[in-house]
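What follows draws every value from the coordinates through simple rules; no lab data is involved. Treat the numbers as computed from the prediction; the structure is a model and nothing was measured. So basically every Cβ, Gly included, is an ideal-geometry build from the backbone, and we count neighbours across all protein chains shown.
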Amino acid sequence: MPQEQRGVVVLRVVDGWARGCGVAEQQSCVGDGCAGLHDPAWSAGLPAERGCPEREEVKAKKPIIGLCGAIGAGKSRVAAEFERLGCRVVDSDRLSHEVLAQPEVVKTLREWWGPEVVAADGGPDRRRIAGIVFADGEEKRRLESLLHPLIARRRAAIILAVRDSTAVKAIIIDSPLLFEANLDRGCDTIVFVDAGESQRLRRLRESRGWDAEEVRRREQWQTPLPEKRSRAEFVVSNDGPPERLASQVADILRTILARRSCAE
């Protein structure tokens with residue numbers, strides 16, 4: 001990994017908060033190709049803060065594993081297997097969902113785009129917001145500048161909370177835009193989750209009601225699949241039965257932990 005050290009989370013303490021600092025450009029929209037204003041919502045990378053003072057390097061005492069793959073490949077299923085084996089999963093979609101629903105965030109979005117982006121229950125209308133940011137790159141970047149620091153802060157806090165825990169074997173970064181948001185730079189290794197196109201489309205049609213065109217619209221915001229796969233060290237095939245997936249994940253974790261143990 002150039003320049004940045006793998007397995008290091010760079011933080012800045014601001015008003016008592018641990019804040020992600022200086023490891024990623026705010027260049028990618030969050031979630032499943034920014035259309036991730038579905039429920040669960042979307043994900044984000046750490047914000048760039050060039051030359052920020054008071055930097056504290058926090059090295060995780062356990063492996064940090066990044067998950068990547070196509071939309072609908074089943075990264076959440078793989079993350080769940082890692083969690084079952086004793087890993088702590090940092091779910092960017094979940095963090096994004098929480099951040100987008102914060103009252104102060106909803107208030108800001110209403111000021112920007114009007115009352116139509118607020119749902120009847122007072123939360124964000126994710127579909128309307130998605131329509132806005134898909135149509136206008138400037139608005140997309142505007143939204144990112146609001147959400148990314150908040151999500152990065154939560155992600156960093158989770159990692160800090162478990163880095164010394166003997167009960168946690170590894171930290172899993174589950175983010176749809178692992179490379180686009182430069183989150184891979186803080187990972188010790190990358191796992192690519194693979195599944196056939198027909199399988200992925202079937203899952204997305206059944207779970208989210210998306211057709212092939214909608215999937216393509218979202219994938220345009222992401223790194224091409226061949227590049228993702230080439231940048232990963234491990235590949236998990238998620239086309240088969242659950243027990244086959246579980247076996248693959250267990251083998252990968254065992255290999256990573258054994259390598260870590262030998263290096264110490």
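Phi angles across region 185-197 convert, under the Karplus curve 6.51 cos²θ - 1.76 cosθ + 1.60 with θ = phi - 60°, into 3J(HN,Hα) values of 5, x, 9, 7, 7, 10, 10, 9, 9, 10, 7, x, 4 Hz, Gly and Pro given as x. Extending 7 Å from Cα along the Cβ direction at ASP211 and again at THR108 yields two label points whose distance is 3.6 nm. Based on Cα contacts under 8 Å between residues 6+ apart, region 82-165 shows a relative contact order of 30 percent. Remark on VAL235: its backbone amide H falls under 5 Å from those of PHE192, a criterion applied only to residues 5 or more positions apart or on other chains, H modelled at 1.01 Å from N. For LYS61, a cut-off of 29 angstrom between C-alpha atoms picks up these lysines, skipping any fewer than 8 places away in its own chain: LYS75, LYS169, LYS228. Label separation (GLU139 vs ARG244): 4.4 nm, computed from points 7 Å beyond Cα along the C-beta direction.
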